[in-house]
Structure formats: structure tokens, C-alpha cells
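Just passing along the structure, written as C-alpha cells.
The values are calculated or read from the model by the stated rules, or taken from the named source; none is laboratory data. Just so it is clear, the model here is predicted, and its values are computed rather than measured. Neighbour counts run over all protein chains shown; Cβ positions are idealised from the backbone, glycine included. Areas reflect the complete protein model, heavy atoms only, side chains present, ligands, DNA and RNA absent. Shrake-Rupley method; radii C 1.70, N 1.55, O 1.52, S 1.80 Å.
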Amino acid sequence: MLGKITTFLNKNKMKRTALFNLLIVGLVFVFGVTACKKRPVNTTDIPRLRPIVGDNGRGDLPEGGKLPGNNSENNPVVNRDGTGIEQANRGSIGDRPQNRSMFAADTVYFDLDSAAVKAGEKSKLESVASGFKSQANGDLLIEGHCDERGTEGYNLTLGDKRANSLREYLVNLGVSAERIHTISYGESRPASEGHDESSWSKNRRGEFIFVEPAK
């Protein structure tokens, strides 16, 4: 009888040992797989030039006082004439010479109320990426613009989205993120002063400005 009990205990001990060993192997496998997975590369926040708040406070915000897709406390609003923007730039790239003609032919245009890059505009971004990467020094400033429709605050937000949409596209084309800056002028700097679709289509745009390196 004693022999049967001893045999029973030994068998159960072997089962427990085998189960424990299996558990250890499983844990090692799980941690090993996790460790082997590629960790995401830390992305660098791209510097952005934000206009300072103008004398008009926060402008004509949409109903409820919130700007779409943004925290209204952090979103910049400037006067309709753009006052305050140059002061915000000073000390960053605002004092350095700017070449507006280098990429003037590559201005990207957007559909109404959209920050998506249209298929027909992508070749312009490829041209900007190629031309800018050939410059060993200097920075790129992307301006986001809108037509006159919509509130001032909403258009500043939309201009910001457009500039950053172009920025992200250029980064995906291999442009150094640290060399790109964005700013939104909303509706304050129209390319055309008209009040019809012909003019509005020219104002819904993103412009690229080459900023000369500091002397």
C-alpha cells in the first residue's frame, strides 16, 4: 500500500515539474517574441511657426467657441490684416532672407474645405522635395492659405492643416523634418482679391518659401 502511495506522489510530482517547465518555456517564448519586434522609430516634431494672438482676441470662432479638430486654447488667431505674424516669426527664421521665387511654380491648390493633397498636385511636391534636398543648407517654410469663406478662426485652422499636410508629404519623400516650418495665414493673404470661384480656387493653396541659411 505504501508503495502505491509513493508511486502516485512521484507521478504527480513529475506532472507538476513538466507543467512548470512548460510554463517557463512559454514565458520565455512570449518575452523573446516581444523583444524581437521592431520598436517604432521616434518621430521628431517638426518646428511650426504659430502666429501670435492679435488685438481682436480670438476672432470669429464657430458656434460654441471651438475650432474644428483643435484645442481652441492652443490654436492661433491673428488680425485679419495679418498683424502680429511677422513678430511671431522673428528670432526663428523671420530675420533670414527668403526666396519666394524658387518654388513659386510649385504652389499646391486644394479643394474647398479640404487639406487633402490632390493627385494632380503631387508632382509639384516631388519637384519641391527634389529641389530642396539639393540645397545643403537652408530651411523650407510652408504657408497655408484659404479663401474668404468661413470664419477667421476656422480658416486659420484649415490653413494650418493644409500646411501640415504638405509637410507630411514632403517628409515621406525624404525631406528632413527638422528643416521644415509651417505657418497658417488663413484668409488674410489672398492671391486673388475677387469674390468668385475663379479667385477662391487660387486662394486655397500652400506655398513653399526657401529660407536662406543664417549668415
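Take the cross-link list Lys118/Lys161; Lys124/Lys202; Lys124/Lys215 and give me the ones stretching past 19 Å between alpha-carbons.
Where the Cα-Cα span goes over 19 Å, the pairs concerned are Lys124/Lys215.
Could you please state, rounded to a whole Å, how far the C-alpha centre of the stretch 146-173 is from the C-alpha centre of the stretch 95-114?
Going from one Cα centre to the other spans 12 Å.
Output ³J(HN,Hα) for the stretch 145-157: one whole-Hz value per residue in order, computed from phi by the Karplus curve 6.51 cos²θ - 1.76 cosθ + 1.60 with θ = phi - 60°, and x for Gly and Pro.
10, 9, 7, 7, 6, x, 6, 4, x, 5, 5, 5, 5
In addition: With charges set only on the Cβ (+1 for Lys and Arg, -1 for Asp and Glu), what does the dipole of the stretch 130-179 come to about its Cα centre, in debye to the nearest 20?
Taking the Cα centre of the stretch 130-179 as origin, the dipole is about 220 debye.
At a 1.4 Å probe radius, carbon and sulfur cover how many percent of the accessible area of the stretch 168-209?
The nonpolar share, carbon plus sulfur, comes to 48 percent.
Projecting each Cα onto the charge dipole of the stretch 130-193 (Lys/Arg +1, Asp/Glu -1 at the beta carbon, about the Cα centre), which of Leu173, Ser184, Leu156 comes out farthest on the positive side?
Most positive-ward Cα: Leu173.
Can you list the GluC sites (Glu not before Pro) in the stretch 158-215 that are in a DSSP coil and have 12 or fewer other beta carbons within 10 angstrom?
Passing both the DSSP loop test and the Cβ count: Glu193.
If each Cα of the stretch 98-157 is one equal point scatterer, what is log10 of I(q)/I(0) from the Debye formula at q = 0.15, 0.30, 0.31 Å⁻¹?
-0.56, -1.32, -1.36
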